[in-house]
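Please read the structure below before turning to the comments.
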Amino acid sequence: MTCIVLKAVFPLLDGVDLASCMLVCKQWKDIAEDDYLWKCLCARRWPSLCKRPSPSTMKYYKLYGTFHKRQRRRDLPPPRLSFNDLDFYIDIWAEGQSIFSEVVSGPVLHAGIKSRPIGISDIVRCHLDGPEYRMMLPVEPRFSVPLGQTASVSVLVERKDFNKFACIINKSLFDYVDRTSFRAIAFDYLDFAPIHPFISGIRAWISLLFTDGENDRVADVFGIEMDFCDAASNETEVLWLLDMLDWK
Ligand SMILES: *[C@@H]1O[C@H](CO)[C@@H](O)[C@H](O)[C@H]1NC(C)=O
Ligand SMILES: *[C@@H]1O[C@H](CO)[C@@H](O)[C@H](O)[C@H]1NC(C)=O
């Protein structure tokens, strides 16, 4: 096909077809690459671009290609932090008395609860075997919490690569007891570093997991679970989120 014909036809095409033409052969590519064609396509979509005060170095071809459709969510780069760098300091009180106080290393919390304890309900079993990513810790020896009492929890995290601490949960109450899923739940809002000023409202959730005992007034706690399901649903996302905390 002659050059003249191509030059007459190409301006009638839409961006997708024009881009396909560029793949046909060198001659087609050279003609279709003319940024004037792409400027026209951009102007159809964003007419104010024709009023651009100063010519820029960015080609209209690139501009069109970048924004003509919604970008697929990009993969997260590897986190700058690993579970090996982290220690979690977990303290739990019932009526002001300490009932659990441990330093839990990142890898332990990440590994979760491997063996399924006896006496857990099917709902808890499904929960433990579910596909969602959660950090869990088996509690050994187990402890009991009278369900009528006020129980609270604090969690600090230390990153050993920087030698800094961040607060994850600051004395929150386990004020929701879900008897159908055998959990007592507490949460707190995360504090992010000032370089992330527009992020807020993301919670840390912590649950006491208990067995399906005879006595429904006392929770026999076999595990502790923590997640950030408002924002992070896998290991990579959790590590990115923790990296963004207000480390001191
Ligand atoms: C976690 O999710 C992000 C995006 O949501 C994805 O890019 C990443 O590959 C996932 N990582 C793992 C370990 O599944
Ligand atoms: C934790 O809570 C106490 C009491 O409510 C408050 O005074 C303190 O500033 C909080 N600390 C952080 C790190 O949020």
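The values are calculated or read from the model by the stated rules, or taken from the named source; none is laboratory data. Just so it is clear, the structure is predicted and the values come from calculations on it, not from any experiment. Don't worry about glycine lacking a Cβ; one is built from the backbone with ideal geometry, like all the others, and counts go over all protein chains shown.
Listed values, structure above:
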quantity: Residue match in the stretch 151-164 (condition: free of Cβ contacts under 8 Å to residues at least 60 places away in the same chain, touching a Leu at 6+ places or on another chain (Cβ under 9 Å) and either among the acidic types (Asp, Glu) or more than 16 Å from ligand 2 (Cβ to nearest atom) (or both)); calculated: yes
quantity: Options SER82, SER48: the member that is more than 30 Å from ALA111 (Cα to Cα) and either within 37 Å of the chain's Cα centre (by Cα) or of a type in the set (Ser, Thr, Tyr) (or both); calculated: SER48
quantity: Filter pass, ALA219 being of a type in the set (A, V, I, L, M), crowded, with 19+ Cβ neighbours inside 10 Å and assigned by TED's automatic domain parsing to the domain that holds PRO117; calculated: yes
quantity: Unmet requirement for VAL103, which otherwise passes all of (1) part of a strand (DSSP E or B); (2) under 26 Å from GLY213 (Cα atoms); calculated: (2)
quantity: Yes/no for LEU173 being more than 20 Å from the chain's Cα centre (by Cα), farther than 22 Å from SER233 by Cα, aliphatic (A, V, I, L, M) and more than 16 Å from ligand 1 (Cβ to nearest atom); calculated: yes
quantity: Filter result for GLU132 (within 16 Å of ligand 1 (Cβ to nearest atom), in contact (Cβ under 8 Å) with a residue 12 or more places away in the chain and within 19 Å of PHE83 (Cβ to Cβ)); calculated: yes
quantity: Output for the stretch 225-248, where each listed residue is crowded, with 20+ Cβ neighbours inside 10 Å and assigned to a loop (DSSP other than H, G, I, E, B); calculated: PHE228
quantity: From ILE195, ILE202, residue being of a type in the set (A, V, I, L, M) and loosely packed, with under 15 Cβ neighbours inside 10 Å; calculated: ILE195
quantity: Test result for GLY201, on the phi > 0 side of the Ramachandran plot, more than 16 Å from ligand 1 (Cβ to nearest atom) and small (Gly, Ala, Ser); calculated: yes
quantity: Every residue from the stretch 106-160 that is more than 20 Å from CYS229 (Cα to Cα) and either under 21 Å from the mean Cα position of the chain (by Cα) or not assigned by TED's automatic domain parsing to the domain that holds ASP188 (or both); calculated: GLU158, ARG159
quantity: Residues of the stretch 61-106 that turn out to be of a type in the set (Val, Ile, Thr) and at pLDDT 95 or above, as a count; calculated: 4
quantity: The stretch 1-29, subset free of Cβ contacts under 8 Å to residues at least 12 places away in the same chain and among the basic types (Lys, Arg), residue surrounded by the most Cβ atoms within 10 Å (Cβ to Cβ); calculated: LYS29
quantity: Selected residue (criterion: farthest from PHE192 (Cα to Cα)) from residues of the stretch 205-216 that are modelled with pLDDT under 95 and surrounded by fewer than 23 Cβ atoms within 10 Å (Cβ to Cβ); calculated: GLU214
quantity: One residue from ASP175, ASP246 being within 16 Å of ligand 2 (Cβ to nearest atom) and in contact with a Cys (Cβ under 9 Å, 6 or more places away or on another chain); calculated: ASP246
quantity: Test: residue in the stretch 109-118 that is at pLDDT 90 or above, buried (at least 17 other Cβ atoms within 10 Å of the Cβ), out of contact with any Lys or Arg (no Cβ under 7 Å at 6 or more places or on another chain) and in a strand (DSSP E or B); calculated: no
